[in-house]
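The values are calculated or read from the model by the stated rules, or taken from the named source; none is laboratory data. For clarity, every value in this text was computed on a predicted model and none was experimentally measured. In this analysis, Cβ positions are derived from the backbone assuming ideal geometry, glycine residues included, and neighbour counts consider all displayed protein chains. The area values use the complete protein model at the heavy-atom level, side chains included, leaving out ligands, DNA and RNA. Shrake-Rupley method; radii C 1.70, N 1.55, O 1.52, S 1.80 Å.
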Amino acid sequence: MRIIKEQTVYQLSFMANWFPVNCYFVEEEESLTLIDAALSFSKNAILKAAAQIGKPINRIIITHAHTDHMGALDGLKASLPHAEILLPQRELKLLNGDSSLEPGEGDLPVKGGVPRNSKTQPDVLLKEGDMVGSLIAIEAPGHTPGMMAFIDKRNQILIASDALQTKGGVAVAGDLRWRFPFPALATWDKERAIATVEKLASFNPSVIGVGHGDFLYEPEALKRAILQAKKREEG
């Protein structure tokens, strides 16, 4: 596992060089918030990293209910029974293995690995604008119907989850990059994904953390990714 710190945010990256799967610690004054739970084998490394930082994990946010973002959730909850589990409200159906759509969501199928036997249920269902410590919850549909991103109000660091990727090239969810095609292949609705990234750009993030790939520091790369995704959709 590779760890990179950017101000209040730690990026924990598993298999960083060839198939990066990221989760994040956001450091508060007396505790840590874990964003996403990576892969099933990631539990011990996540706990070790928290011990090295020297603060307890008091909250675990799952950005969306794909298996590569909640793989270690059951194990972490067993080791951290006090930790509060937070999930976007719309993702509860996916967490429980229900991929059906709701009114107004169209008829495109939900893609990606959806859990079938998760033991852990959320303590809190998140809505747009909710605060989790220093983080503001932002609805970010497209990759899944209910995915959320989170921005740290102290420094404008954005955790975009799978709204964007940087592995294989900076890309909006659904805009295929053959060097790393997996986020695109698991994206539900490309048009909604583009609208989401335009929305996230309006927050003027200082740094962006993604689900797959390195931190993004260049705002212009975000703008180029949006333009390229729109061109591909227009055909």
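Summary table
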item: Subset of segment 183-205 that is in contact with a helix residue (DSSP H, G or I) (Cβ under 9 Å, 6 or more places away or on another chain) and open to solvent by 50 Å² or more (accessible area, probe 1.4 Å) - its residue that is farthest from Pro145 (Cα to Cα); result: Asn204
item: Contacts under 6 angstrom Cβ, first residue in segment 56-85 being among the β-branched types (Val, Ile, Thr), partner modelled with pLDDT under 95, 6 or more apart; result: Thr67/Gly113; Thr67/Pro115
item: Enumeration of residues in segment 74-112 that are among the aliphatic types (A, V, I, L, M) and in contact with a strand residue (DSSP E or B) (Cβ under 7 Å, 6 or more places away or on another chain); result: Leu76, Leu80, Ala83, Ile85, Leu86, Leu87, Leu92, Leu95
item: Close pairs (9 angstrom Cβ cut-off, 6 or more residues apart or separate chains): surrounded by fewer than 18 Cβ atoms within 10 Å (Cβ to Cβ) in segment 14-34, aromatic (Phe, Trp, Tyr) anywhere; result: Phe19/Phe180; Phe19/Phe182
item: Among residues of segment 44-81, those that are touching an Asp or Glu at 6+ places or on another chain (Cβ under 9 Å) and either within 14 Å of Phe25 (Cα to Cα) or surrounded by fewer than 19 Cβ atoms within 10 Å (Cβ to Cβ) (or both), counted; result: 10
item: Given (1) in contact with a strand residue (DSSP E or B) (Cβ under 9 Å, 6 or more places away or on another chain); (2) farther than 20 Å from Phe180 by Cα, index of the condition Leu216 fails; result: (2)
item: Those strands (runs of 3 or more DSSP E) lying entirely in segment 4-97 with at least 2 residues not hydrophobic (A, V, I, L, M, F, W, C); result: 9-14, 21-27, 57-61, 84-88
item: Selection count where residues are assigned to a loop (DSSP other than H, G, I, E, B), small (Gly, Ala, Ser) and open to solvent by less than 70 Å² (accessible area, probe 1.4 Å), scope segment 212-235; result: 1
item: Residue selected from segment 139-158 under the condition touching a Phe, Trp or Tyr at 6+ places or on another chain (Cβ under 7 Å) and closer than 16 Å to Gln89 by Cβ, by the criterion least open to solvent (accessible area, probe 1.4 Å); result: Thr144
item: Qualifying residue in segment 98-119 (condition: outside any loop (DSSP other than H, G, I, E, B) and closer than 22 Å to Leu12 by Cα); result: no
item: Selected residue (only one of Leu125, Leu158 is more than 26 Å from Leu222 (Cβ to Cβ) and not in a loop (DSSP other than H, G, I, E, B)); result: Leu125
item: Tabulated pairs, segment 123-134, first polar (S, T, N, Q), second buried (at least 17 other Cβ atoms within 10 Å of the Cβ), C-beta under 6 angstrom, 6+ apart or interchain; result: Ser134/Asp152
item: Every residue from segment 179-211 that is among the basic types (Lys, Arg) and in a loop (DSSP other than H, G, I, E, B); result: Arg179
item: Boolean, Ser118 is modelled with pLDDT under 95, open to solvent by 20 Å² or more (accessible area, probe 1.4 Å) and polar (S, T, N, Q); result: yes
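Rundown of residues vs (1) more than 15 Å from the chain's Cα centre (by Cα); (2) not aliphatic (A, V, I, L, M), yes/no style:
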| position | (1), (2) |
| --- | --- |
| Thr63 | no, yes |
| Gly71 | no, yes |
| Asp74 | yes, yes |
| Ala78 | yes, no |
| His82 | yes, yes |
| Leu86 | no, no |
| Ser99 | yes, yes |
| Gly104 | yes, yes |
| Leu108 | yes, no |
